[in-house]
Structure formats: structure tokens, C-alpha cells
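Only one structure is covered here, and it is reproduced in the block below.
The values are calculated or read from the model by the stated rules, or taken from the named source; none is laboratory data. None of the values given here were measured: they were computed from a predicted structure. Here the Cβ positions follow ideal geometry from the backbone for every residue, glycine too, while neighbour counts run over all protein chains shown. For accessibility, only protein heavy atoms count, side chains too; no ligands or nucleic acids. Shrake-Rupley method; radii C 1.70, N 1.55, O 1.52, S 1.80 Å.
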Amino acid sequence: MDEENRKIHISDAAASDDFDLEDILAEYRADTDEPQLSDPVMLADISRRLVMDSLEDGIGAAEYDSLHGIVANTVAELMQQNAAALSQTAETLPEAAPQDAEEAPAEAEMPEMPDESNELTAVEEVLIDELTGSYPELETDEVTDDDGSLSYASAEAGTAAPQDGDSEESSEKSAKKKSGGRGFLSPVVAILALLTLHRQKRESAGNAAAAKDEKQQETPEMSPDKAVRHYSAHMSSLKSRGRFAVGLSVVMIYLSYAVGSALPLTGALKVSTQVQALLLAIMEISVMMTGLDIFTDGILALVRRKPTAQSLVSASCVLSLIDAGVIAAMQDAGVGLPFCAISAVSMTCAIWGEYFRCLGLRTGFRVLNSSKNHYTVTGEKGIAPGDVALLKARQSTQGFVRRSEAEHYGNTVFRVMTPMLLVAAVVLGILAGIVGKQPKCIFHYISAMAAASCAFSATLCFAAPFAAAAHRFSQSGAAVAGWTGVRDIGRSRHVVITDADVFPKGTVEVANIRILEGCLVDKVLSYTGSVIAASGSGLVAPFSELLRRNGCTLAKLENFEPHDGGGMTAMVNGENVCVGNTGFMNLMGIRVPRKISTKNSVYAAINGSLVGIFTVNYSPVSSVQGALVLLLRGKLEPIFAIRDFNITPQMLRTKFKLPTDNFKFPAYAERYRISGAEPDSNSRVAAVIAREGMGPLVDTAERGRRLFGGIRAGTLIAAAGCVFGLLMMFLLCWTGAFDSTTAGNVITFMLLWMIPTAVIVWDVQR
């Protein structure tokens, strides 16, 4: 046929209200830039991009994938049958008469686009019609070109429609010719489109439901007392199981050292490699059953693609058991004992690591549950320029339990390390076996590398230091919110110190009062107490008690203002009141006689005349002295946001017998701003403190910083030990040095890598 006969012609019936699947799909994608296609297979591909929003019931993704594969195979078979049928039909069809360009329609007449709200419903109805075979056929004929492709001829150029005198058989044949092979493919395309639409709708609905559940159906936080009971019950089981695992591990370590040495053994254990391997395997299985929850958690975390150090332990145990079975089956003493003892010790360390984690959490929750009147410690920005400062405030402890249970730093590191170490152990084990021409030792090499890459400290690098620090925190009446709280504290560079921190409640009292002659006692007390109360300093409590004892009330203030000279001014009942120390009175031009000038006194003046002198006693506390020593020795910089004008570096040097030259006191306006700061609405509780004073705050800040650095260092050292153990074992297996790759030597090597963890534990609890 010539080129014009290869064009697609649409009959006049195509402009009617009845449309085939191709027209519906073309109408659905009318707004896109994709070319209009008529090939059924290409239409099936396009149908997969449709979105179904109205069907309520359907199948899931797994069923869709299975059915989609079946339908795809069916499409291929039907296409082959369709091609064969068309090749036979084309021989009997007359050639389509060519049409002039003027007679051929330029483009098919398209119906009006449906409303956007009903668009998907209309598509689904047509697809269902296609699927059930109830769709009307177009009045077009199909013919095949020379290359086997399909083209459509109009009713005028092709065969005529059957007349009234035609037989029923000829009508059926004519109908088959008109439809070509499209009757085979239309139900298949409809199935694909419906399944694709439904799958996309289910995925969209599932994502929306998941987002809604995450936002509205969040698991409620456990109360502190319930959390204490929960972790106490868990600890009792872990402690008993850990002791049993330690006993079995000690026996396995002895057996690993005894084989090939002068240590005594009895019976078949002296000579039979099979007995030794089977005994080690049985004891390792016992240890695994002891820590079954940890083993299953590690395997599940690996399957969920969120591996932890426990996943490394679980994989090492499985590979060691396989190695023991292979050695027992071969009865070959040349490769040495399986590494079951190493895997068992790793599992034992994992059990105790979980015990220490529960111990640290329970200790912190007990502090939280011990009192309802807590201070909270949060890391705040904006207090110190460019840095995070620790701020103690009265705030709700909501979220403390949840933050304490959050993922710790060790899990974050080993989530990346675990899959790399496992893959490297398998690849390097196979490589060592092939290069060393020891294919029968491949399982032994893989087990050796997996065992050596699972450092004993991997499951203890967070738990052990955290439990030790939590015990010391509790002794000072504080608790830290797990790793997230330790991280917030560790990243802080400053700590805010207020009046109540340096001199807690009960350590400040008014010892002596002197009202000058001619002044009203009630007026002097009321005016002075009102200005002190407006300052919010540590003097508020003793002066409030003084007013209560003398039956005086607070007066209304106006124009309150603190001054850097060490005092405050305000207007009370139209009179100018000044309250401050001796230096401030001299700055204000108010003369203080030398004979009545004393240290640590509060002077009051009304309208430029001195009216009263209040002598205040400050009682130093040993815990505050220790906190000041920590600040002098540590790297944490204190911000003394103290409003009491009597508390100065010189006064602290006198009271606590310490050098205070490095202590910086901001200007009074800055002190008021910092001490009046509140935790941000997005701030999270890093620690809680149940006691007054500066000691618990500074101890929490300094010990928390050491704990933060210790956990990070211990975790990275453990990860380095895993990598170094893997590489060392690979080199020994590569060279075939079986005398050096014994289980006893590997245990010694891995025990030495636990020394840094022990040092970190000692450092955080000293």
C-alpha cells in the first residue's frame, strides 16, 4: 500500500457518544504532551499511569504484582494469536480505496471533557465495560500493512456493512473483521488499567493513613512510676540470665585456651575435635537461648534494614554454629576450634549491656518519680552569642521518659558499620579461602572474621558509662534524659547561674535592721521590701519574711530600673526610692557614714536621704563550693546572671575561699535579661534536678559533658576495634597462620579492646 493508505481513518461513527478504550484513554490524557497512541500494547503501558480514587475494595500490592505478571504473559500470547489471525484475514480483505487529503478528516472529533470531579469515575466505568465486553464497537475496519502493522479504513473505503439479506454467519465474520484482534486485547488492557488504578489508590490511602496515625495516634508516654516498675522487672530477668551466660562463657573460654595447651582436659575432649566442636556448639546455643530476646531483636533489626550492634552479635552466633557443624562433620583438627566461645562472650556482653541500659534508665526515672517539684535543664540558644547555654527553670517534665528511651549513639554508628562488616567478613573469608587454596576452610574463615569484627565493647560502649553516670547523677538529685539529654548537655558551652544557685533557699537572712531617726518604720520596710521584691533577686525571700513578721505590705512601684553601680531605683507613692550597696549610694550622691557602713548590707534611701540599713548574712554551702571548683577546673563557662548586688566575685572569693578572677559577671541589664529567660517552646528537657543549689546543676553539666565525650569516644573505639579485628583476622587467614588464629588468642585480643570502655566508666563516675 502507498503511504496514504497507512494513515488511520476514523469513520463518522467515531464522532458519536460511544467510545472505545483508546478514545477514553486519549481523552483522559488530553492535557499531557504524550503522543496519541492506538497500539493496544502501548495503551496498556499508558494505562498503568492512571490513578484510581473511587474504588473502595481491591487487592494489595503483592496480589497486584502476581496478577500483573499473569496478564503480561497473556498479552504476549494474545498478540501472537492476533498477528496470526490478522495475517489470514488480510488476504481476504479488499484494498482500501485511497482518499484525497480533502476528503480525509484532519482529526477525530473529540467529545467535551468531563467534569474534573467525575473524571476518574468515567474512566473506571469505561474500563469495566471493556472488561465485561459490554462496550459498543466502532464502525471501523482493520487491515494489515505489508510490515504487519495495523491500520484502520473508514466504512466508505473498506467493506460495506452487512445488508438485510446477509446471513447470520456472514454478519459474524464481518463483525470479526471489523474488530480485528482488538477484542482479545481490550479486556486485558482494562484489567491492567483497573489494577494499576486501584494499586495507586491504595498506596495513596495508606500513606495518608500513616501520616494521620503518626500525627494523631502517637503512643502515650509512660508515667515515671510505671517506667520504674517496667525496667525493674526487666532487669531482674536480665541479671539472672546474664549470670548464667557468664558461667557458660567462662567454661567455653577455658576450653578454648586448654585445647593445644598444658591446661588439663578430660576424656574425649583431649583428642576429639568433633567432641570439642559439638560441646562448644551446644554451650553457645544455650547462651543464645539465654539471650533469645536480644538474638531475635538483632535478626529482626537486620531484616528491617536498621541493624544495630546486637545484629552483629546475632550474625556472629549463627556463623559460629555453622562453622562448628562443618568442623564436626569434617573431623579436621587442622583448622582449630570453632569460634563459638567468642560469639558466646559477645552475646553475654550484649545481655549485660541491655541490663546496664535498663539500670541507667530506671535510676533516672526514680529521681523523676521521687518528687513533683523539679527543675528542668534545657539547652537554649540566644542566651550566649553563637553558643548553646544550659538553663535551669521550672518547666513540665513531659517527654522526659520518651527522650530517655530514644536511640543512642552506638546504634547510630553500628547501623552503618554492621552491614559493611558482615559483607566484608563474607567476601574476605571467601577470598582468603580461594587464594589460600583452602576451600574447605571458607566457612571457618567467614566465622573467624565475623567473630573478630564483633567487639565485646560494641554493646557496652553506651550502656556501661550511662549506668555509671546515672548513679552519680542520682546521688546529687539529678537525672539525664538518655542519650538525647547527654547530647544536649555535651554540646553546651555555658551554664546560667542565678542567685538561688549560689545561695539556695534558707542560706540568706536579714540579721540586723537599723532605721534612722525620724523615719517611719513601716514606711521604710514597705518601700524597701517592695523594691527588693520587684528585683526578683535572692533577697526577696528574707525581705518578704521580714515584711510578714512586721505586718507590712508591698507598695505599688513605678519606673523600676536596675543600675550597674549595684542598686535599683523606683517611684513609690510619688517618692524616689533607692536601694543598693554602699558604692551605689555614693554614685547616687547619698552619703553613708563610715561608722555605719558594713559589708553585705542593703541601704535604702527616700528622696535622696538615707533611711535604713539592713545587714544580710550569707551562709556558704559546701556543695556550692565544690561546684565552683568544678567550674574552675572544667571547660564549661558559667554565666553569673545574679541580680543580688551584694554577690560579687570578691564576695565569692571571701565566702568560698576560692580564686574567682576567671568568673565573669555581665552588666546588670544583661543579668536581668538572662535570668528572666524562659525555655523555648520547642526546647526539650535534657535533665531534671530535684534539689536546690548550684551543686546538682554544675555536676550534671560537667559530668554530662564528660559522659558525652566518653560515649562518643568509646563507640568510635569499639567500631575501630571491629574493623581492626576483621583486617587482622583476614591477614592471618590469608597466610594460613592457624596457630595464631586460635579462639583463645582472639578472645585475648578482644578483651584488651574493652580497656577503653573501663577507663571511660571510671572517668564518668569519679
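Determine the dipole magnitude for the range 451-603: charges of +1 sit on the beta-carbon of Lys and Arg, -1 on that of Asp and Glu, nothing else is charged, the reference point is the Cα centre, and the result goes in debye to the nearest 20. Spell out each step's value before the answer.
On the way: 14 positive and 11 negative charges, 74 e Å.
Dipole size: approximately 360 debye.
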For the range 647-766, the Cα convex hull volume per residue in Å³ comes to 204 Å³
Dividing the convex hull volume of the alpha carbon atoms of the range 221-281 by its residue count, what do you get in Å³ per residue? 105 Å³
Would you check the accessible area of TYR254, probe 1.4 Å, heavy atoms only, in square angstrom rounded to 10? 100 Å²
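Going by average Cβ neighbours within 10 Å, how do the peptides 472-481, 224-233, 579-588 rank, with the highest at the top?
Details: 472-481: 23.8, 224-233: 16.5, 579-588: 19.6.
Peptide ranking by packing, descending: 472-481, 579-588, 224-233.
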Intensity falloff of the range 297-374 expressed as log10 I(q)/I(0), Debye formula with alpha-carbon point scatterers, at q = 0.12 Å⁻¹: -0.53
Total charge of the residues flanking ARG653 in space, meaning their Cβ is under 15 Å from its Cβ, with Lys and Arg +1 and Asp and Glu -1, is +3
Kirkwood Rh in Å, taken over the range 430-575 so that all alpha-carbon pairs contribute: 22.1 Å
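Can you flag which of LYS392/LYS655; LYS226/LYS372; LYS523/LYS599 are past 18 Å Cα-Cα?
Values: LYS392/LYS655 24 Å; LYS226/LYS372 15 Å; LYS523/LYS599 24 Å.
Where the Cα-Cα span goes over 18 Å, the pairs concerned are LYS392/LYS655; LYS523/LYS599.
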When the Karplus curve 6.51 cos²θ - 1.76 cosθ + 1.60 is applied with θ = phi - 60°, which whole-Hz ³J(HN,Hα) does each residue of the range 396-410 get, with x for Gly and Pro? 5, 8, 4, x, 5, 5, 5, 5, 5, 8, 5, 5, 9, 5, x
For the range 424-473, the percent of all C-alpha pairs falling in each 5 Å bin, from 0 up to the bin holding the max distance, is 4, 21, 17, 12, 9, 8, 8, 7, 6, 4, 2, 0
By average C-beta atoms within 10 angstrom, highest first, the peptides 600-613, 619-632, 684-697: 684-697, 600-613, 619-632
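So what's the net charge close to ILE351: Lys and Arg +1, Asp and Glu -1, counting the other residues with Cβ under 10 Å from its Cβ?
On the way: positive: LYS239, ARG241, ARG243; negative: ASP293, GLU354.
Result for the neighbourhood of ILE351: +1.
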Tally Lys and Arg at +1 and Asp and Glu at -1 over the other residues with C-beta under 13 Å from the C-beta of ILE383: what net charge comes out? -1
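Based on alpha-carbon atoms only, what is the radius of gyration of the range 501-635 relative to the globular estimate 2.2 N^0.38 Å? Kindly include the intermediate steps, with their values, before the conclusion.
Working: Rg = 15.8 Å, N = 135, 2.2 N^0.38 = 14.2 Å.
It is 1.11.
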Ordering LEU368, LEU431 by accessible area with a probe of 1.4 Å, largest first, what comes out? LEU431, LEU368
Could you tell me the accessible area of HIS408 in Å² (1.4 Å probe, neighbours in place), rounded to the nearest ten? 30 Å²
